[in-house]
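Undergrad: The structure is given below, and queries will be raised subsequently.
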Amino acid sequence: MSDLATIPYDAPLSFREPSFFWTRYYSARGASGTLLTRKDVPFTDLSGKWIVISGSNNGIGREAAIYFAQCGANLILACRSPPPHERHPNDVVQECLTAAKSRGYEKSTVEWWEIDMTKFSTVEAFAKRWLDTGRPLDILCNNAGMGSNPGGIGNVLKTGDGLEFVHQVNFAAHVLLTLRLLPSIQKAKEPRIVCTTSCLHYHGKYRLSNWDGSGCKLIEFYANNKLYFQIWVAEMNQRLLRNEKLKHITINGVHPGFVNTGIWNFQVGKGPFQLIEILIKFILGWLAGFVGVTAEQGSYCIQNAATSLGAGPNPAYQGVGVSGGKGGGRYFNRIWEEVAMPHAADPDARLRVWRKLNEELKLSEKGLLEGLGQ
């Protein structure tokens, strides 16, 4: 076992964390409103491939699902049963089937399988349902997310599993889903795992004593778990590469741009901080409408990571299973590779996040780290 495994969570890191100006510079680069076209991420033949994409009844997940359908893929839309104001997954199933037929793919399978990221029991049930099919999983898109804790600043709410909402929905539940589905992903020829992180990971605070966000400011819930998610992507990649049976799997983090979707229309809590939260909600909503890209534009990051890495116009970014590929563990600002926070390149910082997740989700006890190390 590495000596790093004994370093306390809150011990000083071996590198100086980036300055305020460095993080703001790279975060601002993520707000690029450059319009992308189908020439940037062309259609590719995905017939016969199976794709699971979470959070695919709205926003960039829905747009990515429609693109995959146009490429002939078989799709599982992994979504919760939504509230009345959201598009129902069954409607998106029909949109995808229509999109597939419009490009000559008459035999594509598109289904909605229910999953609720606030309930680990549904993640487990979803994974079991998929594994029972015996199919290889070619592409897993970990995309579902929420903008902030529904209780607001003064009343941080937790899920029934005992974790802060944003931490579980955006990060922990996707880690559990990925590891549960890994035996199926392993069976695919050139599998990819696409994780929707964010340029806001540059604003995240690496403070593992405040792992699940207790006491965070409103937007820090989101920024912190996106930082941890990108760090986990980098560590997961290193562990995949060390296993001969898993090293053909490519995992990357992607930022969709500042997208004008409902994720910023979060629920405002009650109490003394309500006016502050209303102001933040207004500002974020205004910025999204003023400088944000559409959900269709935002979805290009998922499309690119899922297809261009192996069959598209960017051979320099192909996966580890492709000749000339650079491997995974990377961060993409929309469709362009960008430097991530330095924590993702530091073995110690990565291992602490890995250890923390293991403790929180009891991954070793569940046998989910077999072949990946403890």
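Undergrad: On a 19 Å Cα-Cα criterion, which of the cross-link pairs K205/K226; K189/K247; K101/K128 come out too long? Spell out each step's value before the answer.
TA: Working: K205/K226 10 Å; K189/K247 11 Å; K101/K128 30 Å.
Beyond 19 Å: K101/K128.
Undergrad: If you place +1 on the Cβ of every Lys and Arg, -1 on the Cβ of every Asp and Glu, and leave all else neutral, what size is the dipole of segment 86-206 about its Cα centre, to the nearest 20 Debye? Provide the component values of the computation, followed by the final result.
TA: Numbers: 14 positive and 13 negative charges, 72 e Å.
Result for segment 86-206 is approximately 340 debye, rounded to the nearest 20.
Undergrad: I'm a student and want to see the number: the projected area of the Cα convex hull of segment 94-229, averaged over all directions, in nm².
TA: On the way: hull surface 39.9 nm².
The number I arrive at for segment 94-229 is 10.0 nm².
Undergrad: Moving on to the next point. Between L157 and K366, how high is the FRET efficiency from 1/(1 + (r/R0)^6) when r is the Cβ-Cβ distance and R₀ = 41 Å? Nearest 0.05. Provide the component values of the computation, followed by the final result.
TA: Numbers: r = 26 Å, r/R0 = 0.63.
Efficiency, from the Cβ-Cβ distance: 0.95.
Undergrad: Sort the following peptides by mean Cβ neighbour count (other Cβ atoms within 10 Å, averaged over residues), highest first: 86-96, 173-183, 128-138, 110-120.
TA: Details: 86-96: 16.9, 173-183: 21.9, 128-138: 14.7, 110-120: 19.2.
Result, highest mean first: 173-183, 110-120, 86-96, 128-138.
Since every read-out is calculated from the coordinates, none of them should be taken as a lab result. What you see is a predicted model; the values in this text were computed from it and never measured. In this analysis, Cβ positions are derived from the backbone assuming ideal geometry, glycine residues included, and neighbour counts consider all displayed protein chains.
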